[in-house]
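Some notes on the structure that comes next.
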Amino acid sequence: MSFQVSQDEISYSAPGDTPMAAVNPKEGASLADKKDYRRAVECLGDVYRADFNPLTSTKPVRLSALGQQAASAAKNIETLCLVVKDEATADRVAAKLRSVVRAKSAKFDGTKVTIEKGDQPVVRAVVPDAATQRPGRLMISDVDPRMAVTDL
C-alpha cells in the first residue's frame, strides 16, 4: 500500500487497485464512490475512528468495518459492521455473533446484534465498553467477534 500526505489531503492506493483519495480526489476515486464502503459507513455512524478490512466481493462477508464512538471519556462503544452478500448470510453471521457474545458474556455484556436487511444487508454489533476496558479492544485484544465471521 502506498500513502501520500500533503497539508490538506491523504491519498492512498493498494497494489493492483486504482488510485484512491480520501476526500475530494484530484486523481482516482474516493472510497465514498464504492457502494459497500458507503453502506459500512452508514452502519458505523458518527465515529472518531474507523478500521476497514479489505473489500472481497467473492466472499459472503464482503466488507467489515470497526468503529469507536465516545459520548464521554468514560463511555465508549465499539461498532462492528459487516456488509454481506445476501439476507441468508446476514442471518448466519448474526447467529454466529450472538453465539460468541453468549459464550463470552463477561467480555461482551450489553452487546446488541442487529440486521439491516434489504438490497445490501448489514449485520451490526454494538459493544459497550466499561471504563476499565481500552477503546479499540475489538481490534487489539478481544477479537472474538471479528474472528467468528472470517470463515463464513
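Only the coordinates and a few stated rules stand behind these numbers; no lab work does. Keep in mind the model is a prediction, meaning the values are calculated, not measured. Cβ atoms come from the backbone with ideal geometry, glycine included; neighbour counts cover every protein chain shown.
From most to least packed by mean Cβ count within 10 Å, the peptides 122-129, 47-54, 135-142 give 122-129, 135-142, 47-54.
Under 23 Å from the Cα of K34, which lysines turn up, not counting those fewer than eight places away in the same chain? Qualifying lysines at Cα under 23 Å: K26, K59, K85, K117. Starting from the Cα of I140, step 7 Å along the direction of its Cβ; do the same at V126; then give the gap between the two resulting points in nm. Label at I140, label at V126, 2.4 nm between them.
Please list, in chain and number order, the residues 5+ apart from G45 or on another chain whose amide H is under 5 Å from its amide H, with Hs placed from the backbone. Placed amide hydrogens put nothing under 5 Å from G45.
Is the range 22-152 rounded, prolate or oblate when judged by the Cα gyration tensor, a ≥ b ≥ c being the square roots of its eigenvalues, rounded requiring a/c under 1.5 and prolate requiring a/b larger than b/c? The shape class here is oblate.
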